[in-house]
Each structure stands twice: as C-alpha cells, then as structure tokens.
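Below is one structure, written out as structure tokens; comments come after it.
The values are calculated or read from the model by the stated rules, or taken from the named source; none is laboratory data. All values reported here derive from a predicted model rather than from experimental measurement. Quick reminder, even Gly has a Cβ in these numbers, built from the backbone with ideal geometry, and neighbours come from all protein chains shown. Note: accessible area is taken over every heavy atom of the protein model, side chains too, but ligands, DNA and RNA are not part of it. Shrake-Rupley method; radii C 1.70, N 1.55, O 1.52, S 1.80 Å.
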Amino acid sequence: MSGDIVLELPYQNPPLSMNDRKHHMARARITRQIRSTTAWLAKQAKVPIGLEHATVCLHYRPRDRRVRDADNLMPVLKAACDGLVDYGLTADDTPELMQKLMPVIHEAEKGMPGKMWLEIKCQ
C-alpha cells in the first residue's frame, strides 16, 4: 500500500521540547498523552496497520515569526511515532521499519494560531 496521510495534532505549540526543564514525571505524563492522542487520531483516520515501512515527518507552523530550532521538536516526534507503533502502523519504530524525518518548521501565517501535524508516507 502506498500513500500520504496527514494527521492534524491538537497542539498550537509543541507540548515538549529539547529545552524543557520539566520534572521527569510531568514529562512522562505529557509523553503518554502525545502517544495516546496520536494512536487515537490514527484510528479515527483509519490509517493502515501492519506496514513493512513508513516515513513520518512532524510539521509545525508557529503563530509568530520567532526563530526556532527544528531539533527541539524531536521529543514530540518521538512520542508521536511511539503512538503510531502503539496503534499498529508498524511493528516498531526502528529505522528498518520507520524513517523519522527531521521536523519541519513552516513560516507563520498572520492572524493564524499555531498548528502541528504529522505527515505519514505509507510504503
């Protein structure tokens, strides 16, 4: 099966960042929430399961034009990919089964809130 799927995440701002200094329990709670939300969204969108390989990319359109580092979004991407595995997209998120692309930060759109989404290429 081949195709592109877009899952819109319910976050206007990244819920986790590499720069966070949250307590480990707070971080774990947010990670669990991202995982379960992503799995639920995949189920709602009827994303295929049991794929041999998938490519996943996290996209973020901030609400303002401040400079941001794409690698700070990696904890969100990791938790979302774990959620996709929980759902059954692939058996695991190892490189042989799932390629995780560097997150993409889009230019802000005047008057628009922040937005995050996953793009999944099924192979």
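Quick notes
- If you go through region 1-33 and keep only what is out of contact with any helix residue (DSSP H, G or I) (no Cβ under 6 Å at 6 or more places or on another chain) and hydroxyl-bearing (Ser, Thr, Tyr), you end up with SER2, TYR11.
- Residue in region 23-38 that is touching a residue at least 12 places away in the same chain (Cβ under 8 Å) and in contact with a strand residue (DSSP E or B) (Cβ under 6 Å, 6 or more places away or on another chain) present: no
- Counted residues, region 107-123 - those being in a loop (DSSP other than H, G, I, E, B) and among the charged types (D, E, K, R): 3
- In the set (1) without any contact (Cβ under 8 Å) to a residue 12 or more places away in the chain; (2) among the hydrophobic types (A, V, I, L, M, F, W, C); (3) closer than 23 Å to ARG27 by Cα, VAL67 fails one condition alone, (3).
- Residues of region 65-106 that are at pLDDT 95 or above, open to solvent by 30 Å² or more (accessible area, probe 1.4 Å) and assigned to a loop (DSSP other than H, G, I, E, B): ALA91, ASP92, THR94, PRO95, GLU96, LEU97, LEU101, MET102, HIS106.
- Note on region 30-64: among residues that are among the basic types (Lys, Arg) and surrounded by 12 or more Cβ atoms within 10 Å (Cβ to Cβ), the one that is nearest to LYS78 (Cα to Cα) is ARG35.
- Against the numbered list (1) surrounded by 15 or more Cβ atoms within 10 Å (Cβ to Cβ); (2) closer than 26 Å to ALA26 by Cβ, LYS121 comes up short only at (2).
- Test: residue in region 3-21 that is in a loop (DSSP other than H, G, I, E, B), more than 28 Å from ARG65 (Cα to Cα) and of a type in the set (Ser, Thr, Tyr): no
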